[in-house]
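The values are calculated or read from the model by the stated rules, or taken from the named source; none is laboratory data. Note that the coordinates shown come from a computational prediction; the quantities given were computed from them, not determined experimentally. Every residue, glycine among them, receives a Cβ derived from its backbone with ideal geometry; neighbour counts consider all protein chains shown.
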Amino acid sequence: MKRQKILVVEDEPDILEVLEYNLSREGYRVLTARDGEVGLKQARSELPDALVLDLMLPGMDGLEICRRLRADEVTRALPILMVTAKGEEADVVVGLGLGADDYIPKPFSPRELIARLRAVLRRAQAAPSRNGDGDRLEFSGLVIDRARHEVVVRGEPVTFTPTELRLLHFLAAHPGRVLTRDQLLSRAIGEHAVVLDRNVDVHVRSIRKKLGEERERLETVRGVGYRFRDDRE
Ligand code: CA
């Protein structure tokens, strides 16, 4: 797997050093900046997988960096973990409003920060695909086109209900990931639908039937949920 690139923007040398050491040890590629403006430039040019961002910085503060990254199409979805000092709670609220994904107050242990960072990265990966519009997903033997409401199995168009299509598309957009019934319910079926937990199973059963020879792509993960298999991996 490709090493994930993390940019740490922090002006306190001791903290920066500790973070750099610990993140590298965890297998991340670490970039650093001690100044807000430099950090922003680096975030734009390097496009890291995530940003660990101190709130109070020389040059430009973390809030402004956050705001600018979110306003820019290219960096809009960059996961941001904000680091704050004591007494900056009000700024935290503003920061989260500006789009920071999470925050961690100082002092923190490296372990804590890494756990938070992992969670932020995980959530970012679970977000819908950012490659193109992501509406059309193609696999060998299977095409799922949400915009055109079309599923083609081994060259044959198959009729799916809107719910089935949303479910299948959501699963296929995250190949290899186990999605729980809750996740499938809220993100694929929608929060407004009144459905029982087990309804997901009913839909999946129907989807499998329609997938025919491609049915094996939908795996049941016992006690958890479902996983879409992408054979290319
Ligand atoms: Ca600082």
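Specify which of the listed residues (GLU17, GLU46) is under 19 Å from the mean Cα position of the chain (by Cα) and in the same structural domain as VAL83 (by TED's automatic domain parsing).
The unique qualifying residue is GLU46.
What's the total number of residues in region 1-55 that are polar (S, T, N, Q) and under 13 Å from VAL83 (Cα atoms)?
0
Any residue at all in region 1-11 that's modelled with pLDDT of 95 or more, surrounded by fewer than 22 Cβ atoms within 10 Å (Cβ to Cβ) and more than 21 Å from the chain's Cα centre (by Cα)?
Yes, region 1-11 has at least one match.
Conditions first: (1) out of contact with any strand residue (DSSP E or B) (no Cβ under 7 Å at 6 or more places or on another chain); (2) within 14 Å of the ligand (Cβ to nearest atom). ILE65 passes all but one, so which condition is the exception?
(1)
In contact (Cβ under 8 Å) with a residue 12 or more places away in the chain and within 13 Å of the ligand (Cβ to nearest atom): does that describe LEU57?
So LEU57 passes the test.
Please pick out the residue among GLY97, GLY87 that is at pLDDT below 95, over 19 Å from the mean Cα position of the chain (by Cα) and either loosely packed, with under 14 Cβ neighbours inside 10 Å or assigned by TED's automatic domain parsing to the domain that holds ASP11 (or both).
Going through GLY97, GLY87 in turn, the sole match is GLY87.
Report yes if some residue within region 49-66 is at pLDDT below 80 and either assigned by TED's automatic domain parsing to the domain that holds ILE207 or farther than 21 Å from ARG25 by Cβ (or both); otherwise report no.
Scanning region 49-66, I find no residue that is at pLDDT below 80 and either assigned by TED's automatic domain parsing to the domain that holds ILE207 or farther than 21 Å from ARG25 by Cβ (or both), so the answer is no.
For region 41-54, name all the residues that are away from the ligand (no atom under 16 Å from the Cβ) and touching a strand residue (DSSP E or B) at 6+ places or on another chain (Cβ under 9 Å).
LYS41, GLN42, ALA43, GLU46, LEU47, PRO48, ASP49, ALA50
Kindly indicate whether THR84 is within 16 Å of the ligand (Cβ to nearest atom) and among the hydroxyl-bearing types (Ser, Thr, Tyr).
Spelling it out, THR84 is indeed within 16 Å of the ligand (Cβ to nearest atom) and among the hydroxyl-bearing types (Ser, Thr, Tyr).
Please enumerate the residues belonging to region 69-102 that are touching a strand residue (DSSP E or B) at 6+ places or on another chain (Cβ under 8 Å), touching a residue at least 24 places away in the same chain (Cβ under 8 Å) and under 19 Å from LEU40 (Cβ atoms).
The answer is LEU69, LEU78, PRO79, ILE80, LEU81, MET82, VAL83, THR84, ASP91, GLY95, GLY99, ALA100.
Applying the selection to region 36-81, what residues are part of a loop (DSSP other than H, G, I, E, B), surrounded by 15 or more Cβ atoms within 10 Å (Cβ to Cβ) and not hydrophobic (A, V, I, L, M, F, W, C)?
PRO48, ASP49, GLY59, ASP61, THR75, PRO79
Based on what the data block shows, is LYS86 farther than 24 Å from ALA173 by Cα and assigned to a loop (DSSP other than H, G, I, E, B)?
yes
Could you tell me whether region 8-26 includes any residue that is more than 14 Å from the ligand (Cβ to nearest atom) and in a strand (DSSP E or B)?
No - not one qualifying residue is present in region 8-26.
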